[in-house]
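Notes follow the structure.
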Amino acid sequence: MMSFTLEDLDQRIAARASASPDESYTAKLLKDGVERCAKKFGEEAAEIIISSVTKDRKGTESEASDVLYHLLVLLRAAGVPLSDVMAQLERRTAQSGLQEKASRGQGK
């Protein structure tokens, strides 16, 4: 079983963020700003949709890793700690998804 976590990935992104943008893709993305990070995340999201709809399992695995990486880079660029997102998920999973959506006025 794999022991690599989102927290591990977030720590690697944090370490690479302080590198030179000439030597680190992560640092370059962050230097380019939140708009660039958001654009890359959107591109990866579209690619996983295509891979999953076309039933490309390997492509879906690959694109999912890209989506997670780019999501964490985007969160860092936006100044939102992963721990805050995980806390939000923990609060939401304390009840059923239908109850949680209804509490936010999204019961559909």
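Laboratory data are not the source of any read-out in this text; all were calculated from the coordinates shown. Remember, it's a predicted structure, so these values are computed and weren't measured experimentally. Quick reminder, even Gly has a Cβ in these numbers, built from the backbone with ideal geometry, and neighbours come from all protein chains shown.
Using Cα-Cα distances under 8 Å and only pairs 6 or more residues apart, what relative contact order does the range 6-103 have, in percent?
Relative contact order, the range 6-103: 24 percent.
Could you please report the charge total around Ser51, scoring K, R as +1 and D, E as -1 over all other residues with beta-carbon less than 12 angstrom from its beta-carbon?
Local charge sum for Ser51: -3.
Ratio to report: Rg/Rh of the chain, with Cα atoms as the point set and Rh obtained by the Kirkwood method; give two decimals.
That ratio is 1.03, to two decimals.
How many lysine pairs does the chain hold where the Cα atoms are under 22 Å apart and the two sit 8 or more places apart or on different chains?
Taking the Cα cut-off of 22 Å, the pair count is 5.
All other residues with a Cβ under 11 Å from the Cβ of Tyr25 taken together, and with Lys, Arg as +1 and Asp, Glu as -1, what is their net charge?
The answer is +1.
Cα axis of helix 34-53 to longest principal axis of the chain: angle in degrees, 0 to 90, nearest 10?
60
Using amide H atoms built 1.01 Å from N in the peptide plane, name the residues 5+ places from Ala19, or on other chains, whose amide H lies under 5 Å from its own.
Those qualifying (amide H under 5 Å, at least 5 residues apart or on another chain) number zero.
Using the alpha carbon gyration tensor of the range 1-46, what are the three equivalent-ellipsoid semi-axes (square root of 5 times each eigenvalue), largest first, in whole Å?
Here the semi-axes work out to 20, 16, 8 Å.
Provide the packing ranking of 61-70, 2-11, 48-57, i.e. peptides ordered by the mean count of other C-beta atoms within 10 Å per residue, highest first.
In decreasing order of mean packing, 61-70, 2-11, 48-57 become 61-70, 48-57, 2-11.
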